[in-house]
Amino acid sequence: MTKRGKMNLGVYVNPTGHHVASWRHPRAQADAHVNIDHYLEIAQTAERAKLDLIFLADSNKVRVADIDALQRSTQFVAYFEPLTLLSAMATVTSRIGLVGTASTSWNQPFHIARIFASLDLVSKGRAGWNVVTSVADAEAQNFNHDHAYEHSDRYDRAHEVIEIVEGLWDSWDDDAFIRDRDTGIFFDPSKMHELNHNTERYRVRGPLNVPRPPQGYPVVVQAGASDAGRELAARYAEVTFSPYFDWQSAKEYYDDTKGRMAKYNRNPGQLKILSGLSVFVKETEAEAREDYEFTQSLIHAVVSREILGTTLGGTNIIVGSPCQIADYLQDWFERETCDGFNIMPPYIPGALDDFCELVIPELQKRGLFRSEYEGRTLRENLGLRRPESRYKAAQKSN
């Protein structure tokens, strides 16, 4: 084992991959956006490689700015709702974490709490909630609004929603459900708790109509590099995704975000920062470079012009042999720019297969990554504590 221990690794799954022309690659699944078998196979591939988690982003809009470019891309068009998809993945896996996105702007807290508590139960403790605040007006226009909430309002709302959701996850003590056939008592009413949250934005009585999740709380995940985003991460997040392309910027984000945790009485070790990285890997650098150039050649001119005018396709990309990729990951990890990586395959399943078959063994050989899962829940595999119910904590302090 290295001086820092072992890194954490997740995979960020877009339907056909993260490259804008991914669906045209012969080793991608062109109909991935509606192909459940494709996703189930990806989940099993990632679990065989002992990855920590699968991450699914989400959006409540179709990007329609340039229809000529849009019709040539799978990005921002049509794809599975993530929680439904993760529930299906849970049935064919047993260890890998399942992280999905739900917006604090366009979902009611009760719905978020119920959905992720259910996924945690279905997966036996492997759920994670990626918290997003939704900046696009195009999303707002699907929810009776003309514009997204202002930046400060979005983050104030996010803080309140997280507080409500975590409060609802504490609606029942872990041992509330007795299920005693002899006495006819199904649950202990003294172990049921109403939240009674009441503010101008939200009135939520509770209790949640789902038992306390196996993990206590599903793992809270977040990605936001603004000052408000870093503050949200420091206060609540247990995993964050770092977007930076150079190690100096990544290091500043890492130190700053973890440095804010003390004021919330949190240990920096309870936040795992994963850097996003798209990998082209082959047995040799020359082969990897050839694959990269071929994938680039699949971008249609209309799509290329659209990329130049937007942030579409902005990703940290590395191309090389297994040793070169492992060197890069090890360097960033040992510089403490991150606690691991969220791998963003340029095309799927092919590029994910390459990473799992070529890079994972090299990382394991160097003592940088696990050979077996440490536990059965996402928290156990990430080395995160299981939160105690606020009601139990209050009883202990009285």
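Rule-based calculations on the coordinates, nothing more; no lab input. Quick caveat, the model's predicted, so the values are computed rather than measured. Here the Cβ is made from the backbone with ideal geometry for all residues, glycine too, and neighbour counts use every protein chain on show.
Quick notes on this structure:
- Estimated from helical segments only, the mean residue ellipticity of the chain at 222 nm is -10500 deg cm²/dmol, where each DSSP H run of four or more residues counts as -39500 (n - 2.57).
- For the stretch 196-248, the spread of Cα positions along the three principal axes, ordered from largest to smallest, is 46, 31, 13 Å.
- Largest-first ellipsoid semi-axes for the stretch 230-305, taking √(5λ) over the Cα gyration tensor eigenvalues, angstrom: 37, 15, 10
- Ordering of 152-165, 330-343, 181-194 by packing [mean C-beta count within 10 Å, highest first]: 330-343, 152-165, 181-194
- Among beta bridges from DSSP that stay inside the chain, the antiparallel ones total about 15%.
- Calculated log₁₀ intensity ratio I(q)/I(0) where the Debye formula runs over C-alpha points of the chain, q = 0.09, 0.11 Å⁻¹: -0.55, -0.82
- Candidate lysines for bridging to K396, where Cα separation is under 22 Å - those fewer than 8 sequence places away on the same chain excluded: K191
- Dipole magnitude (debye, nearest 20) for the chain, charges at Cβ of Lys, Arg, Asp, Glu: 1060
- Bridge type composition, the stretch 91-199 - antiparallel percent by DSSP, nearest 5: 35
- On the basis of the beta-carbon distance and an R0 of 45 Å, V34 and S397 show a calculated FRET efficiency of 0.30.
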